[in-house]
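These notes are about the structure you will find just below.
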Amino acid sequence: MSYSLIEQYFDNLSEEQRRQFAMLGEVYAEWNAKINVISRKDMEHIYLHHILHSLAIGKVCQFEKGARILDVGCGGGFPSVPLAILFPDVEFTAIDSIGKKIRVVEGVCEAVGIKNIRTINGRVEALKGEKFDYIVSRAVTEMPRFVGWVRGLVERGHKGTLDNGILYL
């Protein structure tokens, strides 16, 4: 499958977004050969199982320009990398405790020209004094533990409207 799958669901993409989505499959394949981030058997389905799945948030939530999004346990950049392409005027912070996963996110962003992601190699519990409009994650842990990790990081009543700004895939 190719990036044309994305265009079936998001038909108002700019040329730059189309270019970036088109590059993601190849760039992730290169990184995955070095650092196993996605199951090698699943690489042929990266657009359906990882990129489109990450973009599902964009069908139910339109992040405002300047919104601050935290991706907890970002792994290789899902959902933050596809969302950063879809929402280029939004600021993403991708955090993961595993350094090699953060290196993948940084490498993918550099290769495709994503400039609205800040990466942090660390644990979310260590984020002190930062506030976000939304917190996203993709199958990191069970919800009660997750909420405990991120409690206090959402700026309530500001921009987030879905479950106090927590969006969990």
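See the values below:
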{"read-out": "Estimated Rh, region 1-148: Kirkwood, alpha-carbon pairs, angstrom", "value": "15.4 Å"}
{"read-out": "J(HN,Hα) series, region 77-83, from Karplus relation 6.51 cos²θ - 1.76 cosθ + 1.60, nearest Hz, glycine and proline x", "value": "x, 10, x, 4, 5, x, 5"}
{"read-out": "Of all accessible heavy-atom area on region 1-157, the percent that carbon and sulfur account for (1.4 Å)", "value": "50 percent"}
{"read-out": "Label-to-label distance, nm, for residues given as R19 and E110 (7 Å Cα→Cβ offset)", "value": "1.9 nm"}
{"read-out": "Calculated diffusion of region 67-129, Stokes-Einstein form, Kirkwood radius summed over Cα pairs, 25 °C and 0.890 mPa s, µm²/s", "value": "216 µm²/s"}
{"read-out": "Computed helical MRE - 222 nm, the chain, DSSP H runs ≥ 4 contributing -39500 (n - 2.57), nearest 500", "value": "-10000 deg cm²/dmol"}
{"read-out": "Estimated inter-spin distance, D42 and E30, nm [label 7 Å along Cα→Cβ]", "value": "2.3 nm"}
{"read-out": "For I135, distant residues with modelled amide H under 5 Å away", "value": "L70, I166, L167"}
{"read-out": "Difference of contour (0.36 nm per residue) and Cα-Cα distance, R145 to E64", "value": "26.4 nm"}
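The values are calculated or read from the model by the stated rules, or taken from the named source; none is laboratory data. Not measured: the values here are computed from a predicted model. With ideal geometry, Cβ positions are generated from the backbone for all residues, glycine too; neighbour counts draw on all protein chains shown. SASA here: full protein model, heavy atoms, side chains in, ligands and nucleic acids out. Shrake-Rupley method; radii C 1.70, N 1.55, O 1.52, S 1.80 Å.
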